[in-house]
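The values are calculated or read from the model by the stated rules, or taken from the named source; none is laboratory data. It should be emphasised that the depicted structure is a prediction, and the values quoted were computed from it without experimental measurement. For neighbour counting, all protein chains shown are included, and Cβ atoms are generated from backbone atoms with ideal geometry for every residue, glycine included. Just so you know, the surface numbers come from the protein's heavy atoms only, side chains and all, with ligands and any DNA or RNA stripped out. Shrake-Rupley method; radii C 1.70, N 1.55, O 1.52, S 1.80 Å.
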Amino acid sequence: MRTAMTCAQTLNNPLSSTNPHLLPHKPDPIQLTQEEMKRVAAYRAADMVVSGMVVGLGTGSTAAHFIHRLAELMHKGSLKDIIGIPTSLKTEAHAIKAGIPLSTLNSHPIVDISIDGADEVDPQFNLVKGRGGSLFREKMIEGASRKFVVIVDETKMVACLGGSGLSVPVEIVPFSWKYTLSKIEKLFKDETGFSARLRVDQEKPFETDNGNYIIEMFFEKGVSGDLNEVSDRLLRLTGVIEHGMFLDMATNVVVAKTDGSVIILNK
Ligand SMILES: O=C[C@H](O)[C@H](O)[C@H](O)COP(=O)(O)O
């Protein structure tokens with residue numbers, strides 16, 4: 001079981017971001033931009049889809065490349081009888097425009113494969129997701145998937161979750177949000193350099209597709225300790241709907257590098 005490993009324990013792990021295969025290296029003749037790397041990873045993952053599959057459609061800029069490619073393969077006739085399950089309203093609109101037939105978990109409770117981006121991937125394939133705010137629907141759909149393929153550029157590989165200095169999001173109900181925020185702050189009061197705040201968009205609280213708010217948690221040195229325990233403690237707070245740590249869910253990680261090569265990590 002990989003999830004119990006702490007940040008410090010990841011240092012000698014072969015999948016760690018200290019792995020030379022995942023580190024930036026000497027300049028190569030090809031230097032892809034981050035956007036190009038996202039597309040390379042997405043297109044490679046599209047090859048994992050076969051006709052007849054129910055496919056979880058992720059959210060974000062990397063997943064958008066995958067949706068584009070999936071539609072392209074369907075229109076060419078290389079893929080037939082695909083049903084997509086969108087993880088956000090934005091993805092739903094994109095998929096409809098691209099001509100991908102859609103369904104829901106109510107009608108298709110078992111998803112063959114989900115393909116989605118991530119904000120961070122640790123050496124045990126634990127993820128931070130939801131910086132675009134779609135973590136709840138993503139977690140439901142990706143959790144119902146036989147295979148969950150994460151598509152990232154190499155900048156997303158981290159030694160420990162939250163360690164990139166960016167936020168770990170938590171979806172909460174709007175009711176008494178300041179009180180819920182204070183409960184979250186109390187939970188991490190002994191964590192040096194911890195801070196949390198409400199996500200704001202154009203001077204108003206950012207609202208998820210579910211009409212909820214997002215609390216952004218910042219960990220100076222990354223999330224420490226047993227991640228499952230941290231997850232349980234957060235989920236036990238009344239007012240918390242879900243958090244953006246996706247623990248032990250990803251089955252494969254497709255990493256695109258600046259030189260245009262792709263590494264596929266399998267669990
Ligand atoms: O809510 C957003 C999702 O979890 C995205 O998959 C994640 O933020 C990665 O997004 P991007 O591919 O745009 O970096």
Evaluate region 89-106: report whether one residue or more is in contact (Cβ under 8 Å) with a residue 12 or more places away in the chain, in contact with a Phe, Trp or Tyr (Cβ under 7 Å, 6 or more places away or on another chain), basic (Lys, Arg) and within 15 Å of the ligand (Cβ to nearest atom).
no
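Given the options 171, 154, name the one that is out of contact with any Gly (no Cβ under 6 Å at 6 or more places or on another chain), more than 9 Å from the ligand (Cβ to nearest atom), over 28 Å from residue 49 (Cα atoms) and not aromatic (Phe, Trp, Tyr). Before you say what the answer is, go through the steps one by one.
Values: 154 fails: over 28 Å from residue 49 (Cα atoms).
After ruling out the rest, the residue left standing is 171.
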Within region 36-79, which residues are of a type in the set (Lys, Arg) and either free of Cβ contacts under 8 Å to residues at least 12 places away in the same chain or open to solvent by less than 40 Å² (accessible area, probe 1.4 Å) (or both)?
38, 76
For a quick check of your reading of the model, give me the residue pairs whose first member lies in region 128-149 and is over 24 Å from residue 266 (Cβ atoms), whose second is more than 6 Å from the ligand (Cβ to nearest atom) and modelled with pLDDT under 95, with beta-carbon atoms closer than 8 Å and at least 6 apart or on different chains.
131/166
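Run down 267, 221, 257 and say which single residue is within 30 Å of residue 47 (Cβ to Cβ) and modelled with pLDDT under 95.
Working: 221 fails: within 30 Å of residue 47 (Cβ to Cβ); 257 fails: modelled with pLDDT under 95.
Unique residue meeting the criteria: 267.
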Failed item in (1) closer than 20 Å to residue 36 by Cα; (2) modelled with pLDDT of 95 or more; (3) open to solvent by 10 Å² or more (accessible area, probe 1.4 Å); (4) part of a loop (DSSP other than H, G, I, E, B), with residue 118 passing the rest:
(3)
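Which residue, of 147, 178, is open to solvent by 50 Å² or more (accessible area, probe 1.4 Å) and assigned to a strand (DSSP E or B)? Don't jump to the end; show me each part of the working.
Numbers: 178 fails: assigned to a strand (DSSP E or B).
Selected residue: 147, the only one of 147, 178 that is open to solvent by 50 Å² or more (accessible area, probe 1.4 Å) and assigned to a strand (DSSP E or B).
Quick one: in region 157-175, of everything that is in contact (Cβ under 8 Å) with a residue 40 or more places away in the chain and open to solvent by 30 Å² or more (accessible area, probe 1.4 Å), which residue is farthest from residue 61 (Cα to Cα)? Can you show your working first?
Keep residues of region 157-175 that are in contact (Cβ under 8 Å) with a residue 40 or more places away in the chain, which gives 157-173, 175.
If we keep only those that are open to solvent by 30 Å² or more (accessible area, probe 1.4 Å) as well, we get 159, 163-166, 173, 175.
Working: 159: 23, 163: 21, 164: 19, 165: 20, 166: 17, 173: 26, 175: 31 Å.
Here the residue is 175.
Among the candidates 214, 241, which residue alone is in a strand (DSSP E or B), farther than 30 Å from residue 46 by Cβ and of a type in the set (Val, Ile, Thr)?
After ruling out the rest, the residue left standing is 241.
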Test set (1) under 30 Å from residue 260 (Cβ atoms); (2) open to solvent by 10 Å² or more (accessible area, probe 1.4 Å); (3) outside any helix (DSSP H, G or I) - residue 221 fails condition number:
(1)
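Mind listing just one residue for me: the one in region 121-133 that is more than 6 Å from the ligand (Cβ to nearest atom) and not aliphatic (A, V, I, L, M) and, of those, farthest from residue 35 (Cα to Cα)?
The extreme case among them is 124.
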Conditions (1) aliphatic (A, V, I, L, M); (2) open to solvent by less than 40 Å² (accessible area, probe 1.4 Å); (3) closer than 20 Å to residue 132 by Cβ: number failed by residue 89:
(2)
List the number of the failed condition for residue 189; all other conditions in (1) part of a loop (DSSP other than H, G, I, E, B); (2) touching a residue at least 12 places away in the same chain (Cβ under 8 Å) hold.
(2)
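Quick check, is residue 220 within 16 Å of the ligand (Cβ to nearest atom) and acidic (Asp, Glu)?
It is false that residue 220 is within 16 Å of the ligand (Cβ to nearest atom) and acidic (Asp, Glu).
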For region 208-231, name all the residues that are out of contact with any helix residue (DSSP H, G or I) (no Cβ under 7 Å at 6 or more places or on another chain) and either among the polar types (S, T, N, Q) or more than 15 Å from residue 244 (Cα to Cα) (or both).
211, 212, 220, 221, 224, 225, 226, 228, 231
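In region 61-83, is there at least one residue being within 16 Å of residue 209 (Cα to Cα) and at pLDDT 95 or above?
Keep residues of region 61-83 that are within 16 Å of residue 209 (Cα to Cα), which gives none.
Checked against the condition, which is being within 16 Å of residue 209 (Cα to Cα) and at pLDDT 95 or above, region 61-83 yields no hits at all.
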